[in-house]
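The values are calculated or read from the model by the stated rules, or taken from the named source; none is laboratory data. Since we're looking at a predicted model, the values are computed, not measured. Reconstructed Cβ throughout: ideal geometry from the backbone, glycine too, with neighbour counts over all protein chains shown.
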């Protein structure tokens, strides 16, 4: 059985297209049914391929799920960066990132559940590298924004801000909080003397 990693340079356009179909199907299944519902059968049913084709192109479901989750995180990052790009001032850019981060999880509450499921499952199975890479990609956004604001140890503070935000959106699922309150807490955590008013 081949894995997507073992294809190397031998991947033909047709093979790459089949792998992409599998990942796209897995993304749909993950959002709809969660981690437990993402099986070879459900992915095959959501794609034009058979179960045997899924097994042929990927060694196991972990590999498919990791790639599908990485795609979801890439889309998340792209949307946050698009929100940032609409602003020029460093303060407005930070708040644009925070606001968009919170808004995405409000719009797709299943995404929050999925992220927590994936996090817990990855820790249980000791598959931490993909998880750390995804979290690091999100954290890098806030590190860059905090560097632009002249924050010392921006990478450490950015990591703390990412952790704070995932906790905040989890709390938001139960009790919605005004954006000014979230901004005020972030300003305090990051030791920022900046405006927290909505722009």
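Anything in the range 25-38 that is exposed (fewer than 15 other Cβ atoms within 10 Å of the Cβ) and out of contact with any helix residue (DSSP H, G or I) (no Cβ under 7 Å at 6 or more places or on another chain)? List them, or say none.
32, 36
Of 170, 143, 175, which residue is closer than 20 Å to residue 77 by Cβ and either at pLDDT 95 or above or not in a helix (DSSP H, G or I) (or both)?
Numbers: 170 fails: either at pLDDT 95 or above or not in a helix (DSSP H, G or I) (or both); 175 fails: closer than 20 Å to residue 77 by Cβ.
The match here is 143.
Condition check ((1) outside the structural domain of residue 135 (by TED's automatic domain parsing); (2) farther than 20 Å from residue 131 by Cα; (3) touching a strand residue (DSSP E or B) at 6+ places or on another chain (Cβ under 6 Å)) across all residues:
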position: 18; (1), (2), (3): yes, yes, no
position: 27; (1), (2), (3): yes, no, no
position: 38; (1), (2), (3): yes, no, no
position: 49; (1), (2), (3): yes, yes, no
position: 96; (1), (2), (3): no, yes, no
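Applying the selection to the range 74-112, what residues are surrounded by fewer than 16 Cβ atoms within 10 Å (Cβ to Cβ), within 14 Å of residue 173 (Cβ to Cβ) and touching a residue at least 60 places away in the same chain (Cβ under 8 Å)?
106, 108, 109, 110
Restricting to the range 102-129, name every residue that is more than 18 Å from residue 31 (Cβ to Cβ) and assigned to a helix (DSSP H, G or I). Lay out the reasoning, then the answer.
As a first pass, look at the range 102-129 and keep what is more than 18 Å from residue 31 (Cβ to Cβ): 102, 123-129.
Answer for the range 102-129, where residues must be more than 18 Å from residue 31 (Cβ to Cβ) and assigned to a helix (DSSP H, G or I): 102, 123, 124, 125, 128, 129.
For residue 132, indicate whether it is assigned by TED's automatic domain parsing to the domain that holds residue 90, surrounded by fewer than 15 Cβ atoms within 10 Å (Cβ to Cβ), over 17 Å from the mean Cα position of the chain (by Cα) and over 21 Å from residue 85 (Cβ atoms). Step through it out loud before you land on a result.
Working: assigned by TED's automatic domain parsing to the domain that holds residue 90: yes; surrounded by fewer than 15 Cβ atoms within 10 Å (Cβ to Cβ): yes; over 17 Å from the mean Cα position of the chain (by Cα): no; over 21 Å from residue 85 (Cβ atoms): yes.
So residue 132 fails the test.
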